[in-house]
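Chemist: Encoded as structure tokens, here's the structure I'll be asking about.
Every number here is computed from the coordinates shown, using simple stated rules; none is lab data. In this text the structure is predicted, and so the values were computed from the model without any measurement. So basically every Cβ, Gly included, is an ideal-geometry build from the backbone, and we count neighbours across all protein chains shown.
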Amino acid sequence: MPEEKLPSRSEDFSEWYNQLVVRAQLADYAPVRGCMVVRPYGWALWENIQQALDRRFKATGHQNVAFPLLIPRSFIDKEKSHVEGFSPELAVVTIGGGEELAEPLVVRPTSETIIGHMWAKWIQSHRDLPVLMNQWNSVVRWELRTKLFLRTLEFYWQEGHTAHATREEAESETRQMLDIYTDFAVNDAAIPVSPGRKSDAEKFAGAETTYSIEAMMGDGKALQSGTSHFLGQNFARAFEIQYLDASGQLQHCWTTSWGLSTRFIGAIIMVHGDDQGLVMPPKLAPVQAVIVPIFKTDAEKAAVLETARKAKAGLADAGIRVTLDERDGVSPGWKFNDWEMRGVPLRIELGPRDVAKQSCVLARRDRPGKEGKTFAALDGLSQTVAQLLGEIHQSLYNRALEFRKTNTKDPANYDEFKVAVESGFASSFWCGASDCEAKIKEETRATMRCIPLDQAGGAGSCIFCGKPATARAIFGKAY
RNA sequence: CGGGGCGUGGCGCAGUCUGGUAGCGCGCUUGCCUUGGGCGCAAGAGGUCCCCGGUUCGAAUCCGGGCGCCCCGACCA
């Protein structure tokens, strides 16, 4: 229940975010350091994200599977850069059933190793390939500093894992999944993203190439919102995942992995939310439309509720996720604010005057206040609402895209670059040297987010060292 | 591990400098009233003031030690 106004988003973004997550009842911290409890409303959002992604995974031939939570420590040690990357953040089980274990078990930080171990047994022939799997699970990474949804000790995600006969096919899979994440972000979450390649310094521990979709949050900072890794033959060699090709030669597989986590919920909050609270993108919103009845007398109540229930049934039949707020003892104004905080894209106000006219008031969440209100006939309401939800989606996307454009600069020199990454992104040529990247990070705290795939081409000189460069990179401060 | 802040009814806080009966707002309970933008009025319940020790006639307040949380860095794909 909202008691006080939220902190202003522009004044204290971090405080606004924390309060919003808790007050809108999305999630809370568990009595375990850094662990998150996702509440029903937050989980409903996650389920919609799951469905949107799962639909795309199934359409491209992937199947869901389940692998163990506990992984023998030695598995992690098998891939050199994997162990280097993950060792510092592992949770390790050393005692089981009261006995010290002969070999410690790690709580999975990700599942490449145990999946690789099993694949080595399952994959024998080129006829077994490709293997296309996905797993919905949670993983544990012992982070020093946590933030609800964005970086928690345990987080929920999907991790896809595939094995292929050729480099080309695996690379194509990696890119396909990046495209799927991009499509999901744009068309379901209304979040513009930049799909691109990560630098060596930022890539996944064990990957040959890492791609990501990068989004700009409402404070100008970047959030890596999904990743897709081309693992080359690194894990295939470490776990001896081999197949006999058509000519009878033993070959190592080429593997990929890709993931998108509950962190994406953080992105939705930080991209669309405002001083009134959450703004849910219509396609993912747990509740797409809420009907708030307004009445004084018992007679009015009966008439309004009867009409409201009919309207609700009609909308539900049309496939719209709709709720009728029949709570007693709270005023309509209170309900308005309550649903606004929870980000419901469309509110339908229905009072005695509306019933008489067989109409209602539609209030758009993306335009709070009077200008977001219109009258609509109850007749044909489902079509009106469906169309309006589509418009709201588009307007949210356009607004976020506009914001990103405004806050992405093309600095002419390093001084301008420093200014640009203070409040947004810099799109600059970069020579590709880790050295320049490291110095930029040290001096500005901005990191190379990605080298966007959709480059017009051209050439320039590195924003830091001035050497010739062939591609632009996006730099910014990141969550 | 550095730098800053905080710990007082369920939640948010004031009170601490300058020691003297434990306060406020919200929420909660009961009753009346209200419902087109977070209703109003009245009565009521609810607190080891983070912990331990010290100073004092007397400590939420002063002193010493400890614990916990938050923010900013380091870390984190």
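Chemist: Averaged over every viewing direction, what's the projected area of the C-alpha convex hull for the stretch A:136-218? Give it in nm², one decimal, please. Kindly include the intermediate steps, with their values, before the conclusion.
Modeler: Working: hull surface 27.7 nm².
Reported value for the Cα convex hull: 6.9 nm².
Chemist: Under the rule a/c < 1.5 gives rounded, and otherwise a/b versus b/c splits prolate from oblate, where does the stretch A:1-155 land using the Cα gyration tensor? Before the final figure, lay out the partial values.
Modeler: Details: a/c = 2.55, a/b = 1.51, b/c = 1.69.
Judged from the Cα gyration tensor, the stretch A:1-155 comes out oblate (a/c at least 1.5, b/c at or above a/b).
Chemist: Can you report the principal axis dimensions of chain A using only the alpha carbons, biggest first, rounded to whole angstrom?
Modeler: Result for chain A: principal-axis Cα extents of 81, 58, 47 Å.
Chemist: Within chain A, which is the longest segment containing none of the trypsin sites (Lys or Arg not before Pro) that sit in a DSSP loop and have at most 14 other Cβ atoms within 10 Å?
Modeler: In chain A, the maximal stretch lacking such sites is A:146-295.
Chemist: Under 22 Å Cα to Cα from residue A:467, which lysines show up? Leave out anything in the same chain fewer than 8 places away.
Modeler: Here the lysines satisfying the reach criterion relative to residue A:467 are A:198, A:409, A:418, A:439, A:441.
Chemist: So, one more: Taking the Cα-to-Cβ direction at residue A:459 and at residue A:326 and moving 7 Å from each Cα, how far apart do the two end points lie in nm?
Modeler: 7.2 nm
Chemist: Using the number of other C-beta atoms within 10 angstrom as an exposure proxy, rank A:118, A:448 with the fewest first.
Modeler: If I rank by nearby Cβ atoms, fewest first, I get A:118, A:448.
Chemist: Can you pull out the GluC sites (Glu not before Pro) in the stretch A:300-347 whose DSSP state is coil and whose Cβ has at most 15 other Cβ atoms within 10 Å? Could you put the intermediate results ahead of the total?
Modeler: On the way: sites: A:300, A:306, A:326, A:340; in loops: A:326.
In loop regions of the stretch A:300-347 (DSSP not H, G, I, E or B), the sparsely surrounded GluC sites (Glu not before Pro) are A:326.
Chemist: For the stretch A:285-356, what is the Kirkwood estimate of the hydrodynamic radius, computed as the reciprocal of the mean inverse distance between distinct Cα atoms, to one decimal in Å? Please list the in-between numbers first.
Modeler: Numbers: mean 1/r = 0.0811 Å⁻¹.
It works out to 12.3 Å.
Chemist: Further question: If you take the beta carbon distance between residue A:301 and residue A:249 as r and set R0 to 60 Å, what does 1/(1 + (r/R0)^6) give as a FRET efficiency, to the nearest 0.05?
Modeler: Details: r = 78 Å, r/R0 = 1.31.
Efficiency, from the Cβ-Cβ distance: 0.15.
Chemist: Then there is this: Can you give me the distance in nm between label points at residue A:168 and residue A:66, each placed 7 Å from the Cα along the Cα-to-Cβ direction?
Modeler: 3.9 nm
Chemist: Another one. I'd like the GluC sites (Glu not before Pro) in the stretch A:9-109 restricted to DSSP loop residues with at most 11 other Cβ atoms within 10 Å, sorted by number. Show your work: numbers first, answer last.
Modeler: Working: sites: A:11, A:15, A:47, A:79, A:84, A:89, A:99, A:100; in loops: A:11, A:79.
When the GluC sites (Glu not before Pro) of the stretch A:9-109 are filtered for loop state and at most 11 Cβ neighbours within 10 Å, A:11 remain.
Chemist: Here is a further query. Report, by chain and number, residues whose modeled amide H sits under 5 Å from the one on residue A:146, excluding near sequence neighbours (fewer than 5 apart, same chain).
Modeler: Answer set, sorted by chain and number: none.
Chemist: Related question: Could you work out the relative contact order of chain A, using alpha carbon pairs under 8 angstrom and six or more residues apart, expressed as a whole percent?
Modeler: Working: 963 pairs, mean separation 64.3, N = 479.
Computed over chain A, the figure is 13 percent.
Chemist: Please compute the contact order of the stretch A:88-132 in relative form: average sequence separation of alpha-carbon pairs under 8 Å and at least six residues apart, divided by the residue count, as a percent.
Modeler: Details: 22 pairs, mean separation 12.2, N = 45.
Relative contact order, the stretch A:88-132: 27 percent.
Chemist: Is the stretch A:190-238 rounded, prolate or oblate when judged by the Cα gyration tensor, a ≥ b ≥ c being the square roots of its eigenvalues, rounded requiring a/c under 1.5 and prolate requiring a/b larger than b/c? Provide the component values of the computation, followed by the final result.
Modeler: On the way: a/c = 3.69, a/b = 2.68, b/c = 1.38.
In terms of gyration-tensor shape, prolate.
Chemist: Here's another thing I want to ask about it. Grab the DSSP H runs of chain A that are 4 residues or longer, score each as -39,500 (n - 2.57), total them, divide by all residues and round the 222 nm result to the nearest 500 deg cm²/dmol.
Modeler: Calculated at 222 nm, the ellipticity per residue is -11500 deg cm²/dmol.
Chemist: Specify whether the C-alpha gyration tensor of the stretch A:424-479 places it in the rounded, prolate or oblate class, a ≥ b ≥ c being the square roots of the eigenvalues: rounded for a/c under 1.5, otherwise prolate if a/b is larger than b/c and oblate if not.
Modeler: Details: a/c = 2.25, a/b = 1.26, b/c = 1.78.
The shape class here is oblate.
Chemist: Give me the extension gain from residue A:143 to residue A:387: residue separation times 0.36 nm, minus the current Cα-Cα distance, reported in nm with one decimal.
Modeler: Working: separation 244, 0.36 × 244 = 87.84 nm, distance 4.33 nm.
Stretched out fully, the residue A:143 to residue A:387 stretch lengthens by 83.5 nm.
Chemist: Mind checking which lysines have their Cα closer than 27 Å to the Cα of residue A:335? Skip sequence neighbours fewer than 8 apart in that chain.
Modeler: Cross-link targets: A:5, A:283, A:296, A:301, A:310, A:312, A:357, A:370, A:373.
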